[in-house]
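No value in this document is a laboratory result; all are computed from the given coordinates. None of the values given here were measured: they were computed from a predicted structure. FYI the Cβ positions are ideal-geometry reconstructions off the backbone, even for glycines, and counts take in every protein chain you see.
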2 protein chains.
Amino acid sequence: MSGAGDRFLGDLRAGLGDRAVVTDPDILEGHRHDSASFCPAGSPRALVRPASTSEVQHVIRTAGAHRVPVVTQGARTGLSGGANAVDGCLLLSTEQMSRILELDVADQVAVVQPGVVNATLSRAVAERGLFYPPDPSSWEQSTIGGNVATNAGGLCCVKYGVTADFVRGLEVVLGTGEVLRTGRRTAKGVAGYDLTRLVVGSEGTLGVVTEVTLALRPAPEPALTVAASFRTGEDALRAAAAVMACGLRPSLLEFIDQTTARAIQSYRDMGLPEDVGGLLLAQSDRGALAAADIGRVAGICADHDAIDVAEASDAQDSELLLEARRLVNAGLEMLGVKLVDDVAVPRPRLPELLRGVQQIAEDLDVLIACPGHVGDGNMHPTVIIDRDDPDGERRAVLAFDAVMDLGLRLGGTITGEHGVGSLKRRWLERELGTTGAALHRRIREIFDPLGVLNPGKVLEPLPPESAPGTPPGTPPGTLPR
Amino acid sequence: MSGAGDRFLGDLRAGLGDRAVVTDPDILEGHRHDSASFCPAGSPRALVRPASTSEVQHVIRTAGAHRVPVVTQGARTGLSGGANAVDGCLLLSTEQMSRILELDVADQVAVVQPGVVNATLSRAVAERGLFYPPDPSSWEQSTIGGNVATNAGGLCCVKYGVTADFVRGLEVVLGTGEVLRTGRRTAKGVAGYDLTRLVVGSEGTLGVVTEVTLALRPAPEPALTVAASFRTGEDALRAAAAVMACGLRPSLLEFIDQTTARAIQSYRDMGLPEDVGGLLLAQSDRGALAAADIGRVAGICADHDAIDVAEASDAQDSELLLEARRLVNAGLEMLGVKLVDDVAVPRPRLPELLRGVQQIAEDLDVLIACPGHVGDGNMHPTVIIDRDDPDGERRAVLAFDAVMDLGLRLGGTITGEHGVGSLKRRWLERELGTTGAALHRRIREIFDPLGVLNPGKVLEPLPPESAPGTPPGTPPGTLPR
């Protein structure tokens, strides 16, 4: 694959040693995609696995000199195509940079390389009596670098916040190959603009993160769980809004809609009756107060016409009650190909969102499951496609778009935690507005003047002013292919 | 002051009506300064009080057309000269934009204009059973706009975070006069780069904030307090580090050093013995768990050789124990002119910071008090100057600089919560590094291409490369005057 005439690969290898640069077609094929459905992926030229910040600098400088696009990849568990290859790109894998550099127990700070898997870090800090809260569903596979790139959320955000809330400082290789050290190690600090937060969630378009300084917390007490089933999803969502408004801050508050509940029940018998319209799961990890907290949530659920309410009396019971939530993905997987959306709306508008999603499903004759992190107003309407339906994909994409439109109309956002990637690129400017989008482009130029970092992701390649008409391949009303 | 020949003022009035533009010399004199000591302040040309976003746009566009610098001011309680006038500038006061636009109790969100006083908002939300945590000492006077501009902290940050942690969205008039709406109203959201956080803490250099969307919390339970006195300040600081490492997250953790304790005792008899080396104050607001929490803190203090430990049994007792903390500023005010520093260091290094500050005081023959928000590692070494000492100011400035140098050497930051303004401008680049500072300048150019927004604040006007030698008036080792 890499002929002697390929000066780019030669230059790349010159600074890295041969093993770091991979051109094996099977390996490249296996690295083209992240976990998003229906997202375009190009053909990479090579995969490189730098082992240090200076090796990353060498990679970026060489790519810049040859104008080769660089797509940084962690574990490729992302759901928006942000880590998908673009044609002729170099894939930059962080897997050789997977060390926990420091775990400062006294100051509750960790310093890690980007390739550290979330679960590895979470377990290492738990062993020291500490807690790294961000827990995306992918936490057993996904890396801290990927979590930082997408500002990953998870189940615990409702109480503890998202990845960005734990990132104190970063080392970043910019598109110029320069190293930026930004942020701080201290609990507080206001020296200069918050470039750290600017890089978090930028999906590999502003730089390659090579080191992350993270805040940790004291370990929480074991959580107690309450599970409640409702006749309708809207009842459950009204109960969820009441829980969030009652003065409690649960450590988890999840919703499972009827379609998802049935999928789970088909996948494994969890004793979920066919006519359950919605489930609510809540946790409290406030130690001696947890039982009273979940009792209060149980009471609110009962007041909102819950059919059945189960309160766990210990951690083991709590895990059992959570089991249904853990089977959401496996259950939905059985139904067909999933196109997972990720809108967030103000919590009191969740019932409207659910109603609207059901209407979209009906209008377009598709199946849409609608589980969500409802404590944050973050729903994952999931369009399910039957592979045998020749028109299914077209209608699924229309439904996916209609859900984002609905989310924005309800005062929400097109993405609560998955990011824009290439999947939602066409939609971003509508949310940002013209002024915001223009600032995004100019900031991106500053960090990456040659345009080598993940080009074509997050933002449309050209502003509408300079690209009259719609770019080829992205007719209105469909996803970019 | 505003002759008929002043076309700028004429143009300004044309869009605002006469009452919004003030040129009365006494009023201008009263608005030249914020609350920082030893900070240069220029002579403003006029003061303008726009009443709406479109009036702010008119002001910025007119200033841009005439190349008149604009300094935005809230309540001028800042401590770094960020709101000080520059020569010939227009002062833009937000006091006519002081409405709480919306208080969404169900979703725990407030939307406010920038001129709303922190205490006004805090009380309004408390009446509805909610909580807006950021509580800078100035909270009775300072505005939300000013709190956003400086990313203000306070006593509660140790548990609840700083202003930035509560800002979900902003409306901002950029240096071009365009309106940017950034961020969101929802609890979560990752659409695009975090421009909201970029503007928070930018001290009026990236835009004029005209609307703020804030996250609120459920009201906490009344807090219980524990106060402990120690033979030495270092004992108290070691106890503080142990409290933070023990798994608790107190809702307040404050340190008062010997100099400050004596000043308080001189100001009002609080029963503080002459030989107290340091005081620690902690709170827990965890309701039924609060008594156990403060008991645990009391135990840790006893283990660290506290002389005396007092636990409050109710909210009233708790307020009494906090009284000493509330008198810090008044007590130190009696000793002379204060030059308040604001370094933050990793918490385990607080004893070194205190020792170092004492050494600086000794070496330079000055008095330095050293109270601090030690739960966050944020100290306020306060150099006290005797007005009658003709050489006092020179030595005070040397001490002030030496404290920042020490903070950086201990792995900390030059400013934990007060900001850079003009007071620490010379120091910022050392903390940011060359790459970071260059990015700051280029981002500023994007938001304010004409350079009208608070010029000369935060960043040195020219990068060192293009300004050989030190600019006149800022000899090394002294503050810019």
Spatial separation of Cα centroids for the range A:338-382 and the range B:227-243, in angstrom: 52
Nearest 5 is fine: what % of DSSP beta bridges in chain A come out antiparallel, could you say? 85
Where does the range B:3-93 land on Rg(C-alpha)/(2.2 N^0.38 Å)? 1.03
Taking amide H positions as placed in the peptide plane 1.01 Å from N, state which residues far from B:THR382 in sequence (5 or more) or on other chains have amide H under 5 Å from it. B:ASP341, B:ALA369, B:CYS370
Can you tell me the relative contact order of the range B:336-424? Whole percent, Cα pairs under 8 Å, sequence separation 6 or more. 41
Report, as an integer, the average count of C-beta atoms from other chains found within 10 Å of each Cβ along B:433-439. 6
Kirkwood Rh (inverse of mean 1/r, distinct Cα pairs), the range B:50-189, angstrom: 15.9
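Subtract the Cα-Cα distance of B:CYS246 and B:ASP386 from 0.36 nm times their separation in residues, and report this length gain in nm to one decimal.
46.3 nm
Find the relative contact order for the range A:3-93 and round it to a whole percent, using C-alpha pairs within less than 8 Å whose residues are 6+ positions apart.
37
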Once R0 is set to 35 Å, what does the formula 1/(1 + (r/R0)^6) return for the Cβ-Cβ distance between A:GLU333 and A:THR434, expressed as a FRET efficiency to the nearest 0.05? 0.35
quick note, the range A:3-93, DSSP beta bridge pairs, % antiparallel (nearest 5) is 20
Per residue, what volume in Å³ does the convex hull of the Cα atoms of the range A:209-355 enclose? 155
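Order of A:9-22, B:193-206, A:440-453 by packing, highest average Cβ count within 10 Å first?
Per-residue mean Cβ counts within 10 Å order the peptides as B:193-206, A:440-453, A:9-22.
In peptide B:194-203, what is the residue-averaged number of other protein chain Cβ atoms found within 10 Å of each Cβ?
That average works out to 6.
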Antiparallel versus total DSSP beta bridges in the range A:52-196: what percent is that, nearest 5? 70
Taking Cα centroids, how far is the range A:252-278 from the range B:128-163 in Å? 43
Net charge around B:GLU323, counting only other residues with Cβ within less than 14 Å of its Cβ (Lys, Arg = +1; Asp, Glu = -1)? -1
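Percent relative contact order of the range A:220-321, based on C-alpha pairs within less than 8 angstrom and at least six residues apart? All intermediate terms of the calculation are to be shown ahead of the outcome.
Values: 195 pairs, mean separation 49.1, N = 102.
Result for the range A:220-321 is 48 percent.
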Lysine-lysine proximity count for the protein assembly as shown, Cα under 16 Å, sequence distance 8 or more or distinct chains: 7
For the range B:110-230, the Debye formula with one identical point scatterer on each Cα and no solvent gives log10 I(q)/I(0) at q = 0.10, 0.15 Å⁻¹ as -0.31, -0.66
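How well do other chains shield peptide B:243-255, expressed as the mean number of their Cβ atoms within 10 Å of each residue Cβ?
Per residue, the number of nearby Cβ atoms from other chains is 2 on average.
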What FRET efficiency comes out for B:ASP87 versus B:GLU319 if R0 is 60 angstrom and r is the Cβ-Cβ distance? Round to the nearest 0.05. 0.85
Distance from the range A:14-57 to the range A:395-425 (C-alpha centre basis), Å: 29
Taking H as built 1.01 Å from N, whose amide H comes closer than 5 Å to the amide H of B:GLY88, not counting residues under 5 places away? B:SER43, B:ARG45
Mind computing the radius of gyration and Dmax over the alpha-carbon atoms of the protein assembly as shown? Å is fine for both. 28.3, 90
